[in-house]
Amino acid sequence: MFDENNERNKYDINIYYENLLIKEDFEHIKFLHKSEEKIVINDIKIKKKLAITKKSIGNMEELVKINPNLNVMNGYGYKIGDYIELNLYSFISVNLFDYYTMDGSITFNIGSVKILIEGSSEMYRWLKNLEYGYETYTDDYVITMSLHGITKENYADYFNMALFILWTIPKDYNKNTSVHEFITEQINDVNFEDVRFCEVFYFYNEAMRIIDTEISTLYFYKIIEYFFLVIRKDEFKNIIEDYIVDKNIDLVINKLVKIYKEQELSQLTLLLKSLEEEIGGLITKAVSLNIITSHDISKFAEALYGFRNSVVHGKSGEKFELKLPNPLIKNSKELFWRDSIKSIAEILIKKFCIKIL
């Protein structure tokens, strides 16, 4: 909000507005209307308009009131109709790709929604100025993510999937594939299938936001739990096909209840067995760390489930140990499980959610 006592404010509202009246067109911002009552601008790059009044300077409630298609996204950015632009610094470490966006952009599609990562738009910077109530240049080089073609109901789903795609950019420059090659070959100009199983992206991004905490492991495990039933779709399909033949609804219900009532360890074991090829390296490492004594997936599942319980529960018991957070000690087994649960979650997301058209 505008604060006339704030010494950073170079202009009062009247002078700010008068300066807007005498400004010429910018690279992308064009003035459509100027008067003492209202100014209307158009960002020709993103094809969005904005009305400005004196009262709306430093007053976002008023700005939204006179621009019904404008929404302020909790300090992260702005939504204008089917377009949203958010500051990426609040969500991800942009040093993964900031050099790539200095003179260019990263762009890809999820379904019919276009995603663009680049320096902030002129409209974004104008909105920041209006929100602050004075001209500022602090956001000139902010990297933002803009989404084109979203709705009020689905923008968060697309944003979270896009954020996961950015997290896949490798951090290790010594890998065979450089960051530049990865972006060029696996992200830029790629058309991904529409969002599927959108909830897992929310879990993943929250886990990455708090990655150095124990709670992050629980969010990654939530992703694993999410797929307990997804991997058994063939069983559900067979049950449905049987019903089509015999019309025995009671039998269908009994079979479904049996699946839902299965113990979590059993469901975890089934899921890991479905990933036997992908997690072979994790099982080998678990053996080398003496976490398990053989390459038996069932034993690996039991050990993983035991670690999960040690994090979830607040008391020890016969089936699990009580794990106490201790930042002073780096426990190799705990680090292994943290990294392994994250890896398994990523394998599942890439297998079931990330499809390239």
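Here are some notes:
- Cross-link table Lys48/Lys152; Lys152/Lys350; Lys114/Lys171, entries beyond 19 Å C-alpha to C-alpha: Lys152/Lys350; Lys114/Lys171
- Counted residue by residue at 0.36 nm each, then reduced by the alpha carbon distance between them, the extension gain from Leu32 to Ser298 reaches 89.0 nm.
- Note on Glu85: accessible area is roughly 10 Å² with a 1.4 Å probe, heavy atoms of protein only.
- For the stretch 193-253, Kirkwood radius (reciprocal of mean inverse C-alpha pair distance, Å): 14.0
- Counting only heavy atoms of the protein chains and using a 1.4 Å probe, Thr151 has close to 60 Å² of accessible surface.
- Positive-end residue, the chain charge dipole about Cα centroid, Cβ charges, pick of Phe228, Phe31, Leu166: Phe228
- Within the listed set Tyr99, Tyr78, Tyr124, the Gaussian network model of the chain (springs between alpha-carbon atoms below 10 Å) gives the highest mean-square fluctuation for Tyr99.
- Cα→Cβ-extended label distance, 7 Å offset, between Lys49 and Glu206, nm: 4.0
- Per residue, the convex hull spanned by the alpha carbons of the chain comes to 211 Å³.
- Within the chain, longest stretch clear of exposed trypsin sites (Lys or Arg not before Pro) (DSSP loop, no more than 14 other Cβ within 10 Å): 48-151
- Dipole axis of the chain (+1 Lys, Arg; -1 Asp, Glu on Cβ), positive-most option in Leu63, Ile52, Val311: Val311
- Eligible aspartates and glutamates near Lys65 by straight Cα distance, threshold 16 Å, same-chain separation 8 or greater: Glu37, Glu131
- Distance cut-off 20 Å, percentage of C-alpha pairs in the stretch 32-159 lying past it: 44
- Put Glu185, Glu346 in order of accessible area, highest first, and with a 1.4 Å probe you get Glu185, Glu346.
- Across the chain, C-alpha contacts under 8 Å between residues 6 or more apart give a mean separation that, scaled by the residue count, equals a relative contact order of 13 percent.
- Cα-projected label distance for Ser332 with Ser112, points at 7 Å along beta-carbon direction, nm: 5.5
- Test item: Cα-centred dipole of the chain, Lys/Arg +1 and Asp/Glu -1 on Cβ, debye: 680
- Among Asp103, Asp43, the sequence by solvent-accessible area, most first, with a 1.4 Å probe is Asp103, Asp43.
- As a calculated quantity, the FRET efficiency between Phe352 and Lys23 at R0 = 56 Å, using C-beta atoms, amounts to about 0.65.
- Axis angle, to the nearest 10 degrees, between helix 122-132 and the longest C-alpha principal axis of the chain: 80 degrees.
- Across Asn14, Asn42, Asn67, mean-square fluctuation computed from a Gaussian network of the chain (C-alpha pairs under 10 Å connected) peaks at Asn14.
- Solvent exposure ordering (accessible area, 1.4 Å, most first) of Met123, Met73: Met73, Met123
- Rule-of-thumb Rg ratio for the stretch 104-223 [Cα; 2.2 N^0.38 Å; N residues]: 1.21
The values are calculated or read from the model by the stated rules, or taken from the named source; none is laboratory data. Everything quoted here is computed from the prediction, not taken from an experiment. Here Cβ is always computed from backbone atoms with ideal geometry, including for glycine, and neighbour counts include all displayed protein chains. Ligands, DNA and RNA are stripped out before the accessible areas are found, and what is left, the full protein with its side chains, is counted by its heavy atoms. Shrake-Rupley method; radii C 1.70, N 1.55, O 1.52, S 1.80 Å.
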